[in-house]
Amino acid sequence: MDYVIAALVGCFVALGIYMLLSRSLIRMLLGIIVLGNGVNLLIFTAGRLTREIAPIVPRGLDTPAGAIANPLPQALILTAIVIGFAMFCFLLVLAYRTYQALDADNTDTMRVAEPEHAPNPPLSY
């Protein structure tokens, strides 16, 4: 099962990077989300996939009675999901306001600070 999840992580990361290389803001935003999901799966896989019981110590014992699941990757992924959702919301509003201000979704047409017919920079020094 680890090999299947590792292949899925590779597909998510490859798709996320491919979408980030696009010129459309919406595709770039979706690429960030897919890349974040791939990293979350990577953290989850690195914490070992097991079908053990929840990491709860029974009353009266100092240590768990048997094997338990690793809670650290689960806590890291939960935090990453919350941060990823907040970043998605911020970037969605930023992309929407950029589209309203510039009336463009393509990054090539968003060159407001650059003059129309400016000389090109030197290719070598």
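The values are calculated or read from the model by the stated rules, or taken from the named source; none is laboratory data. On a predicted model such as this, the values are computed, not experimentally measured, just so you know. We place every Cβ from the backbone using ideal geometry, glycine too, and count neighbours over all the protein chains shown. For accessibility, only protein heavy atoms count, side chains too; no ligands or nucleic acids. Shrake-Rupley method; radii C 1.70, N 1.55, O 1.52, S 1.80 Å.
Residues of the chain: accessible area per residue at 1.4 Å, in Å²?
Value for the chain: 80 Å² per residue.
I'm a student and want to see the number: the projected area of the Cα convex hull of segment 1-105, averaged over all directions, in nm².
8.1 nm²
At 0.36 nm per residue, minus the direct Cα-Cα distance, what do I26 and L61 gain on full extension? Give it in nm, one decimal, please.
7.4 nm
Test of the criteria: in segment 45-125, which trypsin sites (Lys or Arg not before Pro) are in a DSSP loop and have at most 11 other Cβ atoms within 10 angstrom of their Cβ?
Here the sparse-neighbourhood loop sites are R48, R51, R59.
Can you tell me the FRET efficiency between D105 and I81 if r is taken as the Cβ-Cβ distance and R0 is 25 Å, rounded to the nearest 0.05?
Once the sixth-power term is evaluated, E becomes 0.40.
For a bin width of 10 Å, list the pair-distance distribution of segment 45-125 built from all Cα-Cα distances, rounded to whole %.
Pairs per bin, as whole percents: 13, 22, 17, 15, 14, 10, 7, 1.
Out of L92, V34, P55, whose Cα points farthest toward the positive end of the dipole of the chain (charges: +1 Lys, Arg; -1 Asp, Glu; placed on Cβ)?
Comparing the listed Cα positions along the dipole, P55 ranks first.
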